[in-house]
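Heads up: the structure comes next, in structure tokens.
The values are calculated or read from the model by the stated rules, or taken from the named source; none is laboratory data. This one's a predicted model, so the numbers in the text were calculated from it and none came from an experiment. Using ideal geometry, Cβ is built from the backbone for each residue, glycine included, and neighbour counts are taken over all protein chains shown.
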Amino acid sequence: MGIPAFKIMICPSAPEIPERNRTPVPFPYDPYFYPGTVNSAWVITNSAGVDSYGWGWKGEMFAQDTPNVRVGSYGNNPWVAGNGHWPLGVKGRLEQQFTVETGVERPTQTPVFADGVPWWFGTRLGGGYGPTAGDWPARNLEIGAVPEAPYNYMAGFTIPRHGSRPSKAPSSHPPQQRLPGAINMSFYDGHVELVKLERLWQLYWHRGYVPPARRPGL
């Protein structure tokens, strides 16, 4: 039996890029892990080296017919993923996690997966939880990051991968300017839609989430 390709995890606009052609990311991250960019997938070359990220790999990574490499173009909402998957992150904020299905009061507005560049290296280094109403958008829209705040989870989704966007994502976007573009996002009720980046703060990321009147930076 052959190895499954898992191509469903790859956005056509953000395929795997050969290592020699990857955009450098100016943050410390696990040597087995490339976080990805607006137009390239994240890559884990040794899942045994990053098993704290969850995703159910720990039990399968030792099987002889299972590759240790994982590639994808999407990120998940850690508040939905659950405490067990993020031992260094959301354990301290149990009241904000969706631990039971009945806790999801707005399933049509609660993100599950979306185009994104992972902020997982933040949990690896002991910081971060999940997107919050106080998170600022990325200033570097190519790598989805705020240079001085690598644990900003919302920034990982503020990448103009789809929609009305510039031909090249700006590496220094003033936060007071409206964000260009959009991302594809799946919600807890199962539907998928194109979401403009400016609308991300109006979604319900965790229990008790209150959308801000204006997103940070405006």
- request: Could you check residue 172 against (1) among the hydroxyl-bearing types (Ser, Thr, Tyr); (2) in a loop (DSSP other than H, G, I, E, B); (3) in contact with a Phe, Trp or Tyr (Cβ under 8 Å, 6 or more places away or on another chain) and say which number it fails?
  value: (3)
message: So if I check each of 114, 138, which one is at pLDDT 75 or above, closer than 17 Å to residue 36 by Cβ and not in a loop (DSSP other than H, G, I, E, B)?
response: 114
- request: Test each condition in (1) farther than 17 Å from residue 75 by Cβ; (2) small (Gly, Ala, Ser); (3) touching a residue at least 60 places away in the same chain (Cβ under 8 Å) for residue 213 and report the one that comes out false.
  value: (3)
query: Looking only at the range 73-100, which residues are surrounded by fewer than 17 Cβ atoms within 10 Å (Cβ to Cβ), at pLDDT 70 or above and not in a helix (DSSP H, G or I)?
result: 99, 100
- request: For the range 1-27, enumerate the residues that are under 14 Å from residue 143 (Cα atoms) and either modelled with pLDDT under 75 or touching a Lys or Arg at 6+ places or on another chain (Cβ under 8 Å) (or both).
  value: 14, 27
